[in-house]
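Derivation of every value follows stated rules applied to the coordinates shown; laboratory data play no part. Just so it is clear, the model here is predicted, and its values are computed rather than measured. Note that each Cβ is placed from the backbone with ideal geometry, even for glycine, and that neighbours are counted across all protein chains shown.
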Amino acid sequence: MQQLTVDLGDRSYPIQVGAGLLEENPFFVDLVRDRSVAVVTDSHVDALFGGRIERLLGPAAHQLIRIVVPPGEATKCWDALDRILDRLLVERFDRQSLVVALGGGVIGDLAGFAAAIYQRGVDFVQVPTTLLAQVDSSVGGKTAINHPRGKNMVGAFHQPRLVVADSGTLASLPPRELAAGLAEVIKHGAIADAGYLDRVAEAMPRLRAGDGAALAEAVVDSIRIKAGVVAQDERESGARALLNFGHTFGHAIEAGSGYGQWLHGEAVAVGMVMAADLSVLLGDLASADRDRLRQVIASAGLPVRGPSWPAAHYLSFMSIDKKAERGTPKFIVLEAPGRARVRKVDPGLVALAIAANTG
């Protein structure tokens, strides 16, 4: 096992990475001891790992329940949130209770938001079982549900007490889900570490093949990048916004398509291509660097072209993006591989970047 830390003073927490962490984990067991524990998961993950985590934690907990919701992005909604809160109330969970998010990014966001608002906040633990969740969404305390008009528009910052990234769970991922996670791996290199991006490109055949050692290395390196950014800027008032590279375009694709048609990583992949093209149009990025990034994204088995919508359709969803100011979105652009910044951009240039990468 390797352990990293998100350094946030009295809200700091460890991130465990390694195989077998759902089989034997004394720290996790001690954290749940004599507490009421709700494991929130989806039906697919529950069938794979629900019994395993109950065997790990059940003997130490005061009580342990499993709350199982349908899989997919559409589950990040008010109805599923209310279902979780209702069950916690029925089971008489108190403020000393603990919520465990067992699953991918959808479950982490949903269960984390439930923990953030139940009785004004209870502890929770992230147990990410997908590559995307392990390298990105489980770290940093962002929790949310979606609104039909915009992704992650209703939520809260609520840091977990612990993140348990059992790399053994990644063997269960189908190729499409694995590729979606690689989008966030690529993103971390693109915005923060050009050398890491080169290593990811070189390791891509092994990563796509599900090589355990290559995936574990990518998880640790990506978490190290993200944890460092979160420690600098917990609530996204500055540097943390750079982690949204590709997301302004990507969230528009997800919302405009109806949640679940595109996986988050797939939409972000196209968003990164559009954002890189925008960077070239602004004169910030060399066209050769844009082309290289596009090639790395394609080599991961990810899409590089978005839906054939008019630019105005994309822009209508972008105007509700969390980073927008008075309806005007801001964009993360690249100055070079491994170096990014936030810019306000003329909508006409945004439209050009969209038109060049759709269809």
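How much length is gained if the chain between Ala194 and Leu352 is pulled fully straight, taking 0.36 nm per residue apart and subtracting their Cα-Cα distance, in nm to one decimal? Intermediate values should be presented prior to the final figure.
Values: separation 158, 0.36 × 158 = 56.88 nm, distance 2.65 nm.
Between Ala194 and Leu352, full extension yields 54.2 nm more.
Ranked highest first by the average count of other Cβ atoms within 10 Å around their residues, in what order do 234-242, 256-264, 189-197 fall?
Numbers: 234-242: 15.7, 256-264: 18.2, 189-197: 20.8.
Put in order of decreasing packing, that is 189-197, 256-264, 234-242.
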note = When the charge dipole of the chain is computed with +1 on Lys and Arg Cβ and -1 on Asp and Glu Cβ about the Cα centre, the Cα farthest towards its positive end, among Ala190, Ala144, Ala213, belongs to Ala144
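Taking the DSSP beta bridges in the stretch 2-172 as the whole, what percent of them are antiparallel, to the nearest 5?
Details: 10 of 33 bridges.
In the stretch 2-172, approximately 30 percent of DSSP beta bridges are antiparallel ones.
Please figure out what share of the DSSP beta bridges in the chain is antiparallel and state it in percent, rounded to the nearest 5. Don't jump to the answer; show the numbers that get you there.
Values: 17 of 41 bridges.
Once the DSSP bridges in the chain are tallied, antiparallel ones form about 40 percent.
Work out the length of the dipole vector of the chain about its Cα centre, built from +1 on the beta-carbon of each Lys and Arg and -1 on the beta-carbon of each Asp and Glu, and round it to the nearest 20 debye. List each step's numbers first, then the result.
Numbers: 37 positive and 40 negative charges, 128 e Å.
Here the size comes out at about 620 debye.
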key: Extreme residue, positive dipole direction of the stretch 1-116, given options Ser36, Ile53, Pro14 (C-beta unit charges)   = Ser36
query = So, in nm, how far is label Leu89 from label Arg55 when the simple model puts each one 7 Å beyond its Cα toward the Cβ?
reply = 3.6 nm
key: Expected-Rg normalisation [2.2 N^0.38 Å, Cα atoms] applied to the chain   = 0.95
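Can you name the helices of the chain, as whole DSSP H runs, whose Cα span along the helix axis is 24 Å or more and whose Kyte-Doolittle mean is not below -1.0? All intermediate terms of the calculation are to be shown ahead of the outcome.
Working: long enough: 175-192 (26 Å, 0.49); 212-232 (30 Å, 0.95); 264-281 (25 Å, 1.31).
For the chain, where a helix must reach 24 Å along its axis and average at least -1.0, the hits are 175-192, 212-232, 264-281.
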inquiry  = I'd like to know which of Gln119, Ala351, Ala80 lies farthest towards the positive end of the charge dipole of the chain, counting +1 on Cβ of Lys and Arg and -1 on Cβ of Asp and Glu.
reply    = Ala351
query = Which residues does a label at Asp30 reach in the stretch 142-180, if reach means a backbone N under 16 Å from a point 7 Å past the Cα toward the Cβ?
reply = 161-163
inquiry  = What's the magnitude of the charge dipole for the stretch 2-172 around its Cα centre, counting Lys and Arg as +1 and Asp and Glu as -1 at the beta-carbon? Answer in Debye, nearest 20.
reply    = 340 debye
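So how do 128-135, 294-301, 84-91 stack up, highest first, on mean other-Cβ count within 10 Å?
Numbers: 128-135: 28.8, 294-301: 17.6, 84-91: 15.0.
Ranked from most to least packed, the peptides come out as 128-135, 294-301, 84-91.
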